[in-house]
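One structure below.
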Amino acid sequence: MNELAEPAPPPSLWEIFLEFLLIGAISFGGGIVAYQKILLTEKRRWLNDDEFMACLAISQTMPGLNAVNIAVLTGDRLRGVLGAILAALGLLIPGVTFVLVMGILYLQNTDHHLANLLLAGVAAAATGLLSAITYRLGHRQFNHFKSLLIVLASFYLMSIMSLSLPMVLLIMVPISLLLFRPKA
Amino acid sequence: MVSVLIHLVLTFGLLSLLAVGGGTAVLAEMQEVLHQQFQIPPDRFLEVYSVGQLAPGPNMTMVVIFGFQLAGMVGALLVGLAFFLPSSVLCFWIGRFWNYIGETPWRRAVQNALEPISIGLMCSGVYAVGKSALDGPLTIALAMTAFTGVLFTRVNPVYVILGLGSLGAAIKYWQPGLL
């Protein structure tokens with residue numbers, strides 16, 4: 001909060017779009033939020049650390065991808081509705097273009113034995129990656145009885161009982177809110 | 001055709017609002033719904049998911065491929081909007097609302113309550129993907145190597161995935177009977 005420097009003038013819509021487009025194009029392998037933090041608080045100083053952390057907290061609480069939510073929130077903070085739309089579009093356009101091109105090539109090419117083998121290998125490796133990410137995000141939860149119970153119950157209802165996701169949330173959210181309610 | 005589009009928009013719009021803690025939380029549900037209601041088999045789901053892993057930016061942009069496959073470019077556009085717009089609009093308004101009321105103990109409580117649920121759902125995502133991806137010793141070995149590599153080194157995950165994916169493809173191609 002104690003920024004000595006003059007607050008920078010708000011960036012143009014074009015600048016916002018371009019900076020998020022750049023992140024969307026170069027952030028391979030996840031960790032997009034880290035790229036966003038560097039852009040917003042270091043490279044361009046559009047937000048200070050506190051403002052960024054506040055956006056991150058809301059992004060994590062709300063449904064949707066954290067990186068997209070951060071783009072929406074910071075775009076809005078900088079330039080209102082249009083800023084939010086352009087930041088989110090910039091972030092998503094490179095990836096969407098990539099998957100569409102790859103998807104079309106893949107669906108049109110009938111003889112793709114090698115591509116299938118590659119994707120099968122990628123899927124196997126991605127399972128390991130996803131487990132690692134889940135473990136990294138979740139290992140603190142595994143040490144607390146209350147949290148671990150919620151983790152296991154959610155997994156059980158979803159994967160073993162095969163309930164639909166709305167049903168799982170309808171059951172688990174009230175229970176979890178009750179367990180984690182603020183202490184009066 | 002129009003009914004397919006409406007069905008797609010409703011399906012992905014709902015998934016958007018249910019994605020607590022991010023896209024991985026809805027992977028299991030997405031695979032199930034696409035299989036049951038749109039006749040996309042789990043192994044096709046897995047291929048599209050793998051394409052997403054190689055894409056820049058958020059991996060979940062891969063959802064537009066399902067839209068494209070079921071209803072062409074219009075389908076891709078609508079699925080993209082349906083999956084990214086509802087949660088974004090909600091976050092936008094909550095973000096503005098938050099500036100008025102500031103930080104309350106309840107925001108932290110909601111985040112704390114949703115976190116373990118989303119971890120549980122991520123485990124379901126791993127389970128759903130793993131059930132079709134891990135079909136033998138080779139794929140299990142690849143997954144375990146990726147897990148260790150990502151957890152204990154600072155290599156960019158995309159290299160881990162591309163490297164192990166190519167290695168797996170090479171082994172299967174030249175030594176199909178090996179593992």
* Structure fact -> Counted neighbours (other Cβ, 10 Å), sorted fewest up, put A:ILE32, B:ILE6 in the order B:ILE6, A:ILE32
* When the Cα centres of segment A:36-106 and segment B:1-56 are compared, how far apart do they sit, in Å? -> 21 Å
* Over the alpha carbons of chain B, what is the largest minus smallest coordinate on each principal axis, giving the biggest first in Å? -> 62, 46, 26
* Once whole DSSP H runs in chain A are found, which of them have Cα atoms spread over 27 Å or more along the helix axis and a mean Kyte-Doolittle score of at least -1.0? -> A:66-108, A:113-142
* To do: Could you work out how far the C-alpha centroid of segment B:105-151 sits from that of segment B:58-86, in angstrom?
  => 23 Å
* Give the relative contact order (percent, whole number) for segment A:53-184; include only Cα pairs under 8 Å separated by 6+ residues. => 9 percent
* Starting with the fewest neighbours, write out B:SER124, A:SER159, B:SER87 ranked by other beta-carbon atoms found within 10 Å of each beta-carbon. => A:SER159, B:SER87, B:SER124
* Structure fact -> Rounded to the nearest 10 degrees, the helix B:157-174 long axis (Cα) sits at an angle to the longest Cα principal axis of chain B of 30 degrees
* Two-decimal Rg to Rh for segment B:2-104 - Kirkwood Rh, Cα set -> 1.03
* Expressed as an acute angle from 0 to 90° and rounded to the nearest 10, what is the orientation of the C-alpha long axis of helix B:63-101 relative to the principal long axis of chain B? -> 40 degrees
* To do: At 37 °C and 0.692 mPa s, grab the translational diffusion coefficient of the protein assembly as shown from Stokes-Einstein with a Kirkwood Rh over Cα pairs, rounded to a whole number in µm² per second.
  => 156 µm²/s
* Asked: Can you give the alpha-carbon Rg of segment A:40-94 over 2.2 N^0.38 Å, where N counts its residues?
  -> 1.05
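Laboratory data are not the source of any read-out in this text; all were calculated from the coordinates shown. Small disclaimer: the values here were computed from a predicted structure and weren't measured. Glycine gets a Cβ as well: all are built from the backbone with ideal geometry, and neighbour counts include every protein chain shown.
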